[in-house]
Amino acid sequence: MRNPRSESALTRSLTALGCVLLLALAGCDRPTAKLLPIQRILQAGELRVGTSGDSPPMSVHDREGKLMGLDIDLVQALADTMKVKVRFVELPFAELIPALERGEIDIAAAGMTITPERNARVAFVGPYFVSGNTLLTRKGELADIEDPAQLDDAKLSFAARDGSTSAAFVRAHLPKAKLVTVPDNEAAVKALLAGEVDATVSDLNVCVLARMRHPDAELHVHLPPLTTEPLGLALPPDSGLFLNLVTNYLKTLEETGELAQLKAKWLGDSAWIERLP
């Protein structure tokens, strides 16, 4: 004669065992844990570097279309240290931080200014260089203005790269003036040369280079710069270990004098300009 209590206990045990097995099988279908950025880089043997290619002398193309610049040398040296190859991913400047957030690139190197707003979205290493945004214009009277508030005039128009601190400066400090956002610095210079805007607002180095490359255009650069811009390398927001590595790497370059040599090559010597298209 069967014992109802025994049968009930057996049924409960089998049911519990079945649930455990189902959970175990379900676990087998789950994807493996997401790799941290540094783990993915080392496992893939590849460092994905996002850059705009339009921020001389940080990131720019030579006449053969190859990327060159201070940022390019920095990340190449980092990859060599990690014993991985570099894959450059060229994107419009405004798309670099979103690409980092989506995990499509491992680092952004494009003469990017460290700002609280950007740092709230991604991590930064640096600054490795301090520059500033300033004015490039064909009107000497604009370049000679001492108080930037005098530029806040509805009759004036300024071109600035979309997503840049230059565009942010115009919006914040020159709200009456017309802001024309462009995809890259070259487009801003073209708009100025075509008479479509009164001036461009861009990094000091970009402005100085444009004046050198267009000696007959009578371009003027506002000095001193209108802002102070600390430049850094941007990393994904979840990159604690990778951030530690890149920080140590940059500190090593500073201590050995290699960073100073790179700055002298790209900021103190104009020889690289001859390689531009």
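The values are calculated or read from the model by the stated rules, or taken from the named source; none is laboratory data. Remember, it's a predicted structure, so these values are computed and weren't measured experimentally. Reconstructed Cβ throughout: ideal geometry from the backbone, glycine too, with neighbour counts over all protein chains shown. Surface areas here come from the heavy atoms of the whole protein model, side chains and all, with no ligands, DNA or RNA. Shrake-Rupley method; radii C 1.70, N 1.55, O 1.52, S 1.80 Å.
Brief remarks on what is shown
- Each 5 Å bin from zero holds the following percent of Cα-Cα pairs in the stretch 144-277: 2, 9, 15, 18, 17, 14, 12, 9, 5, 1, 0.
- The chain - share of DSSP beta bridges that are antiparallel (%, nearest 5): 55
- Dividing the radius of gyration of the alpha carbons in the chain by their Kirkwood radius gives 1.24 for Rg/Rh.
- Range in the chain, longest, excluding exposed trypsin sites (Lys or Arg not before Pro) [loop by DSSP; at most 15 other beta-carbon atoms within 10 Å]: 177-277
- A 1.4 Å probe run over the stretch 80-237, with the rest of the protein chains in place, finds 47 Å² accessible per residue.
- Each of Asn119, Ala149, Gly132 was placed along the dipole of the stretch 116-167 (beta-carbon charges, centred on the mean Cα), and the one lying farthest toward the positive end is Asn119.
- On Cα atoms only, tilt of 4-28 relative to the major axis of the chain in degrees: 30
- Cβ-based net charge around Val84, under 12 Å, with every Lys or Arg adding one and every Asp or Glu removing one: +2
- Rounded to the nearest 10 degrees, the inclination of helix 258-267 to the longest alpha-carbon principal axis of the chain is 40 degrees.
- Number of Lys pairs (Cα under 26 Å; 8 or more positions apart or on different chains) in the stretch 149-277: 7
- Here the sum of -39500 (n - 2.57) over DSSP H runs of 4 or more residues, divided by the residues of the chain, equals -12500 deg cm²/dmol at 222 nm, to the nearest 500.
- Translational diffusion coefficient of the stretch 85-197 (Stokes-Einstein, Kirkwood radius from Cα pairs, 37 °C, 0.692 mPa s): 208 µm²/s.
- Seen against the Cα atoms of the chain and their longest principal axis, helix 70-82 is set at about 30 degrees.
- Rg/Rg_ref, the stretch 176-227, where Rg_ref = 2.2 N^0.38 Å and atoms are Cα: 1.09
- Each 10 Å bin, from zero up to the one with the longest distance, holds this percent of the alpha carbon pairs of the stretch 120-165: 16, 43, 23, 17, 0.
- Per the Debye calculation on the stretch 24-155 with a single equal scatterer at every Cα and no solvent contribution, log₁₀ I(q)/I(0) for q = 0.12, 0.14, 0.19 Å⁻¹ amounts to -0.63, -0.78, -1.14.
- Apportionment of accessible area to carbon and sulfur, the chain, percent (1.4 Å): 54
- Length gained on full extension, Lys34 to Ala217, computed as 0.36 nm times the residue gap minus the Cα-Cα distance: 60.5 nm.
- Sequence-distant residues sharing a close amide H with Gly50 (under 5 Å, placed H): Val89, Asp106, Ile107, Ala108, Ala109
- Within the stretch 113-196, the GluC sites (Glu not before Pro) that combine a DSSP coil assignment with at most 13 other C-beta atoms in a 10 angstrom radius are Glu146, Glu196.
- Once backbone amide H atoms are built at 1.01 Å from N, Met112 has Gly232 as its partners under 5 Å, excluding neighbours fewer than 5 places away on the same chain.
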